[in-house]
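Remarks on the structure that follows.
The values are calculated or read from the model by the stated rules, or taken from the named source; none is laboratory data. The structure displayed is predicted, hence computed values, not measured ones. Virtual Cβ from ideal backbone geometry, glycine too; neighbours counted across all protein chains shown. Remember, those area values only see protein heavy atoms, side chains included, never the ligands or the DNA or RNA. Shrake-Rupley method; radii C 1.70, N 1.55, O 1.52, S 1.80 Å.
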Amino acid sequence: MIRRPVLAAAVAAIALGLPALAHAEVPALAVIGGTSFTLNPMNDFYAGVAATAGGRLSLTAPAEVTFRLVNAEASINNAFEYQGSALFSNADLGSGASRTVVAGSGLLDFAFRMPSTNPALTLLTNSANGLSSMPSFAVTMLGDGRARLLLDDHGGSGSGFAAMDNDYDDMVLDVSIAAVTPVPEAGELLIMSVGLAFAAGVARRRKARRA
């Protein structure tokens, strides 16, 4: 029979190796900055809904992030990038274009790339959203784990906020997140392995005594 103190020690050793797995932080999406407004009921996709123009989309904790293309009204072929790599463009609308990435906490590292004769209007990053000399995207929150990005691309020309057509439907994406299962660190794995080995040794000795 395994003595209670011995069994308790084994269980404790195993438990010490699993804190990250047992206490994963639940991520959420948040909008930083920007100006609240209501999407245009005449022109905008998802019209009549409260949104934030010029806001930046952020994560409160690491997560798996899925971007899905749901609308594209622009006459030019805008593209969507994550960490400098193109994920899809307006031309992919109707194909079910969707990509999932793993992101850390803080501002999401995405950007819209737009063909334009003005170099200042070709790239809009999440961190630069809201600057008056650039295109803009609006964010509609659909809960802690979902949001919608709606791009106003300047129509591919012009300069300054006054040139924007203010119809946030040139490229529209749904964003959803899921928690990332943390991987135990080396020290945690060592503690867990020692605990499991200890428990296995006790079990073998108990079996030997019965034989």
Cβ-defined net charge surrounding Met114, 12 Å radius [Lys, Arg +1; Asp, Glu -1]
-3
Can you give the three extents of the C-alpha atoms in region 33-98 along their principal axes, from longest to shortest, in whole Å?
34, 31, 18
Can you send over the solvent-accessible area of Leu123, 1.4 Å probe, protein chains only, in Å² to the nearest 10?
60
Could you order Thr181, Thr38 so the one with the most accessible surface comes first? Probe is 1.4 Å.
Thr181, Thr38
For a quick check of understanding: with a 1.4 angstrom probe and all protein chains in place, what accessible area in square angstrom does Arg146 have, to the nearest ten?
100
